[in-house]
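Student: Can you read through this structure? Questions will come right after.
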Amino acid sequence: RAKASGTNRVEFYDRRVNQEFYEYFHVENDLRKALDRGEFELYVQPQFHTTTGELCGEEVLVRWQHPTQGMIGPSKFISIAEETGLIVPIGEWVLREACKLKAKWIKAGFPKVPMSVNLSLKQFLQKNIVQTIEMILNETGLPPEYLDLEVTESVTVDLDRTLDVLNRLIQLGVRISLDDFGTGYSSLQYVGQLPIHELKIDQSFVKKIGDGKHGEAIISMIIHLGHSLQLKVIAEGVETKQQLAFLKNKGCDYVQGYYYSKPLTVDQYKQFLRV
Ligand code: C2E
Ligand code: MG
Ligand code: MG
Ligand code: MG
């Protein structure tokens, strides 16, 4: 009996592994065609001043409209895109589309706030990343101060190179945010050395507001740290009035989250702005 159930367990395990492989394999193949087929779409999530509730920025988040599987979120495909290198063309597409859109919105008189675009590690480490971004800014005519690039602490894997790339990006005139701050290995070791404008408190800390324990202490610490480094601090994943009140009380500059708005399609976002 024990032997039989052991065997079953192995079979069950194998089947699951196979299924994961199967899914991975198909996602990779479909991902290769998705760009040509125009299946990616930009969603936009607004960001706000904590004190006044005024709009202060907007983050672009990519979605994949799969022909048979429906809408797929980035958590399902960005890591596969990273491993296969497909993130490079996909990320470049997102950047170009975002800059085109923002340039159009600035011309049309929409709010003059920066648009944030996520850069994955692999994309950031591309030899020509600075030239690519410069080229896209030139092509689209977007004034660089309206582009905010979100990188994670993972970029500190190669600190010298990262400092060089960040400095050159800043020379271009774009803004840099450190996304998911506090979840990486290097948070405190490198943050003071990085030429950046903003710390983005990871939503896992925001979720802990109200627990009366270390979660709140860590948020207060990040806000202090950011401000003493002359950085702006934004909290992501803000869902409740209580979280907003806590962040306001602690002097967090900006907030982003479902409390104000989910990521919206471009049309929904325009309605949201009432433009
Ligand atoms: P992120 O850059 O940290 O983006 C924040 C994520 O939190 C987004 O998930 C957003 O929809 C979600 N979110 C925002 N407010 C709330 C809230 O109040 N509650 C909860 N529970 N979630 C909230 P999303 O769109 O699924 O994106 C996941 C991650 O995928 C992003 O995390 C980012 O790392 C990556 N990603 C998204 N778009 C791109 C892209 O164009 N390029 C690259 N390289 N990565 C991207
Ligand atoms: Mg930002
Ligand atoms: Mg982000
Ligand atoms: Mg984040």
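Student: What aspartates and glutamates does LYS208 reach when the alpha-carbon gap must be under 14 Å and sequence neighbours fewer than 8 apart in one chain are set aside?
Tutor: By straight Cα distance, LYS208 reaches GLU216, GLU236, GLU239.
Student: In nm², what is the average projected area of the convex hull enclosing the Cα atoms of segment 46-178? Before the final figure, lay out each step's value.
Tutor: On the way: hull surface 37.3 nm².
The number I arrive at for segment 46-178 is 9.3 nm².
Student: Mean residue ellipticity at 222 nm from the helices of the chain, using -39,500 (n - 2.57) per DSSP H segment of n ≥ 4 over the full residue count, to the nearest 500 deg cm²/dmol?
Tutor: -15500 deg cm²/dmol
Student: Considering only the chain, what is the antiparallel percent among its DSSP beta bridges, to the nearest 5?
Tutor: Counting DSSP beta bridges with both partners in the chain, the antiparallel share is about 40 percent.
Student: Further question: Just want to confirm a number: the relative contact order over the chain, from Cα pairs under 8 angstrom separated by 6+ residues, in percent.
Tutor: On the way: 400 pairs, mean separation 47.2, N = 275.
Value for the chain: 17 percent.
Student: Along the charge dipole of segment 56-192, pointing to its positive end and built from +1/-1 on Cβ of Lys, Arg, Asp and Glu, which listed residue (SER154, GLY70, THR84) has its Cα farthest out?
Tutor: Ranked along the dipole, the leading option is GLY70.
Student: Further question: Given H placed on each backbone N at 1.01 Å, which residues far from LEU147 in sequence or on other chains put an amide H within less than 5 Å of it?
Tutor: Amide H neighbours of LEU147, under 5 Å, 5+ apart: MET115, ARG175.
Student: At 1.4 Å probe size, with no ligands or nucleic acids counted, give the accessible surface of MET71 in Å², nearest ten.
Tutor: My reading of the accessible area for MET71 is about 80 Å².
Student: Hey, what's the per residue convex hull volume over the C-alpha atoms of the chain, in cubic angstrom? The partial results should precede the final answer.
Tutor: Values: hull volume 47.6 nm³, N = 275.
Taking only Cα atoms, the chain has a hull volume of 173 Å³ per residue.
Student: Further question: Roughly how much of GLU54 is accessible, in Å² to the nearest 10, using a 1.4 Å probe?
Tutor: We get 110 Å² for GLU54.
Student: Which pairs in the list LYS127/LYS270; LYS100/LYS262; LYS76/LYS127 are over 29 Å apart, alpha-carbon to alpha-carbon?
Tutor: With Cα atoms farther than 29 Å apart: LYS127/LYS270.
Student: For segment 220-258, which chymotrypsin sites (Phe, Trp or Tyr not before Pro) are in a loop by DSSP, counting at most 16 other Cβ atoms within 10 Å?
Tutor: Filter output for segment 220-258: TYR258.
Student: Still on this structure: Can you list the residues, at least 5 places off or on another chain, whose amide H is less than 5 Å from the amide H of LEU61, using H built in the peptide plane?
Tutor: Correct list: TYR43, VAL44, GLN45.
Student: How large is the accessible surface per residue of segment 178-244, computed with a 1.4 Å probe and reported in Å² as a whole number?
Tutor: Value for segment 178-244: 48 Å² per residue.
Student: Of the options GLY184, THR50, LEU119, report the single residue whose Cα projects farthest towards the positive end of the charge dipole of the chain (beta-carbon charges: Lys, Arg +1; Asp, Glu -1).
Tutor: In the chain, that residue is THR50.
Student: So which GluC sites (Glu not before Pro) in segment 216-275 pass both tests, a DSSP loop state and at most 11 other Cβ atoms within 10 Å of the Cβ?
Tutor: Sparse-neighbourhood loop GluC sites (Glu not before Pro): none present.
Student: Among ARG37, ARG175, ARG96, which one shows the highest mean-square fluctuation when the chain is modelled as a Gaussian network with alpha-carbon springs under 10 Å?
Tutor: Highest fluctuation of the listed residues: ARG37.
The values are calculated or read from the model by the stated rules, or taken from the named source; none is laboratory data. Just so you know, these numbers come straight off a predicted model, no measurement behind them. Cβ: placed from backbone, ideal geometry, glycine included. Neighbour counts: every protein chain shown. Remember, those area values only see protein heavy atoms, side chains included, never the ligands or the DNA or RNA. Shrake-Rupley method; radii C 1.70, N 1.55, O 1.52, S 1.80 Å.
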